[in-house]
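Only one structure is covered here, and it is reproduced in the block below.
The values are calculated or read from the model by the stated rules, or taken from the named source; none is laboratory data. Being a predicted model, the structure only gives us computed values, none of them experimental. Cβ: placed from backbone, ideal geometry, glycine included. Neighbour counts: every protein chain shown.
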Amino acid sequence: MTAEPRTVVFASQDELAAQTATRLAAVLAEAQAARGTASVVLTGGRTGGAVLAALREASLDWSTIDIYWGDERFLPGGDPERNETLARQELLDHVPVSPERVHPMAPSDGEFGDDPDAAAEAYAVLLKDVPPFDVCLLGVGEEGHTASVFPHSPAVEETARAVVAVRDCPKPPPTRVSLTLPTIRNSQRVWLMTAGAAKAEAVAAAVAGAAEAELPAAGARGRQETLWLLDTAAAGED
Ligand code: 6PG
């Protein structure tokens, strides 16, 4: 069972980022109080980056927070296009995380070499014994992709594997590694964050329950909560 989508609309992207960071810090602190640890899945993209930057200000015990990624551009370590690089620049280099709790997807010059299938498989093995994520942050593309699950792609049809290699991706770079929709749905809370009028059509269709093969973001739901965090433009209110 997953939760029906709910929408929260903010006056601007800045407001969206600041309020989402505050909300995220509260949920992570609650999980830490209950279990001693918390987990969050990070995303790339402009809105994702803005939320990470806003999160620097949160007063959180970073030492017991496990950090994962929903998708990664399969590029060399430190490449400015990698979602890991963005997260380090915007947040992780500025807060006292435990390095062993930061779990990036492998780069293309890492231990699996230029083999995205091996990188995806290794990430699936890593996730095998991980309890459901507390929060999975996601961005949304104009055509409805989320993480690196694109419309009518092999990844959107994947039901067996937790993590897949993505090739011929329509948004550059073409090779990526991504959680699949069933893995995303094994999160307590899924938060889809997006801003701008270009996203409004996809957002409206996904929230209304479009078919996930056409609009993968429609299939991104959490067990407890499915939240769309939008600015007025993405909500179609401008
Ligand atoms: C990526 C992202 C991707 C992104 C969306 C939204 O690697 O490209 O993970 O899923 O979040 O494309 O990006 P914007 O917020 O920049 O529109």
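Is it fair to say residue 189 is among the basic types (Lys, Arg), under 19 Å from residue 67 (Cα atoms), near the ligand (Cβ under 10 Å from one of its atoms) and surrounded by 18 or more Cβ atoms within 10 Å (Cβ to Cβ)? So that I can check it myself, show each step before the final result.
Numbers: among the basic types (Lys, Arg): yes; under 19 Å from residue 67 (Cα atoms): yes; near the ligand (Cβ under 10 Å from one of its atoms): no; surrounded by 18 or more Cβ atoms within 10 Å (Cβ to Cβ): yes.
Judged against the criteria, residue 189 is not a match.
I'm trying to understand the selection: among the residues of region 59-68, which are touching a residue at least 40 places away in the same chain (Cβ under 8 Å) and either over 18 Å from the mean Cα position of the chain (by Cα) or within 11 Å of the ligand (Cβ to nearest atom) (or both)? Outline the logic, then answer.
Pass one, region 59-68, residues touching a residue at least 40 places away in the same chain (Cβ under 8 Å): 66, 68.
Correct list: empty.
Considering only region 157-180, state which residues are crowded, with 22+ Cβ neighbours inside 10 Å, more than 13 Å from the ligand (Cβ to nearest atom) and of a type in the set (A, V, I, L, M, F, W, C). Before you say what the answer is, go through the steps one by one.
In the first step, residues of region 157-180 are kept if they are crowded, with 22+ Cβ neighbours inside 10 Å; the result is 163-164, 166, 176-180.
Narrowing further to those that are more than 13 Å from the ligand (Cβ to nearest atom): 163-164, 180.
Residues satisfying the conditions are 163, 164.
Pairs please, first residue from region 215-233 and over 20 Å from residue 180 (Cβ atoms), second anywhere and assigned to a loop (DSSP other than H, G, I, E, B) and polar (S, T, N, Q), Cβ atoms under 6 Å, 6+ apart in sequence or on different chains.
231/12
Suppose we keep only residues that are within 16 Å of the ligand (Cβ to nearest atom) and either modelled with pLDDT under 95 or in a loop (DSSP other than H, G, I, E, B) (or both) within region 24-45. Which one would you say is farthest from residue 87 (Cα to Cα)?
45
Answer yes or no as to whether residue 211 is buried (at least 20 other Cβ atoms within 10 Å of the Cβ) and among the small types (Gly, Ala, Ser). Walk me through it before giving the result.
On the way: buried (at least 20 other Cβ atoms within 10 Å of the Cβ): no; among the small types (Gly, Ala, Ser): yes.
No.
Kindly provide the set of residues from region 74-87 that are closer than 23 Å to residue 185 by Cβ and either aromatic (Phe, Trp, Tyr) or within 9 Å of the ligand (Cβ to nearest atom) (or both), ordered by number. Even if it seems obvious, please write down each step before you answer.
Filtering region 74-87 for residues closer than 23 Å to residue 185 by Cβ gives 83, 87.
Passing the criteria: only 83.
Among the residues of region 74-129, count how many are free of Cβ contacts under 8 Å to residues at least 60 places away in the same chain and not in a helix (DSSP H, G or I). Before the answer, list the steps.
Narrowing region 74-129 to residues free of Cβ contacts under 8 Å to residues at least 60 places away in the same chain: 76-80, 82-104, 107, 109-115, 117-129.
Among the residues that remain, those that are also not in a helix (DSSP H, G or I) are: 76-80, 82, 91, 95-98, 102-104, 107, 109-115, 128-129.
Of the residues in region 74-129, 24 are free of Cβ contacts under 8 Å to residues at least 60 places away in the same chain and not in a helix (DSSP H, G or I).
If you scan region 200-224, which residues turn out to be more than 12 Å from the ligand (Cβ to nearest atom) and in a loop (DSSP other than H, G, I, E, B)?
Here is the first cut: in region 200-224, the residues more than 12 Å from the ligand (Cβ to nearest atom) are 200-201, 204-215, 218-219, 221-224.
Listed by number, the residues that qualify are 208, 209, 210, 211, 212, 213, 214, 215, 221, 222, 223, 224.
Would you check which residues across region 46-78 are surrounded by fewer than 23 Cβ atoms within 10 Å (Cβ to Cβ) and over 16 Å from residue 92 (Cα atoms) and list them?
Residues satisfying the conditions are 46, 75, 76.
Filter region 137-149 for residues that are part of a loop (DSSP other than H, G, I, E, B) and within 9 Å of the ligand (Cβ to nearest atom); which is farthest from residue 107 (Cα to Cα)?
Start the filter on region 137-149 by keeping residues that are part of a loop (DSSP other than H, G, I, E, B), which leaves 139, 141-145, 147-148.
From the residues that got through so far, the ones that are within 9 Å of the ligand (Cβ to nearest atom) too are 139, 141-142, 145, 147-148.
Numbers: 139: 21, 141: 23, 142: 26, 145: 22, 147: 17, 148: 15 Å.
Here the answer is 142.
Within the group 165, 155, which residue is at pLDDT 95 or above, over 26 Å from residue 227 (Cβ atoms) and hydrophobic (A, V, I, L, M, F, W, C)? Break it down into steps so the answer makes sense when it comes.
Values: 155 fails: over 26 Å from residue 227 (Cβ atoms).
Checking each option against the conditions leaves just 165.
Looking at (1) touching a Ser or Thr at 6+ places or on another chain (Cβ under 8 Å); (2) within 13 Å of the ligand (Cβ to nearest atom); (3) among the small types (Gly, Ala, Ser), find the lone condition where residue 197 falls short.
Of everything listed in (1) touching a Ser or Thr at 6+ places or on another chain (Cβ under 8 Å); (2) within 13 Å of the ligand (Cβ to nearest atom); (3) among the small types (Gly, Ala, Ser), residue 197 misses just condition (1).
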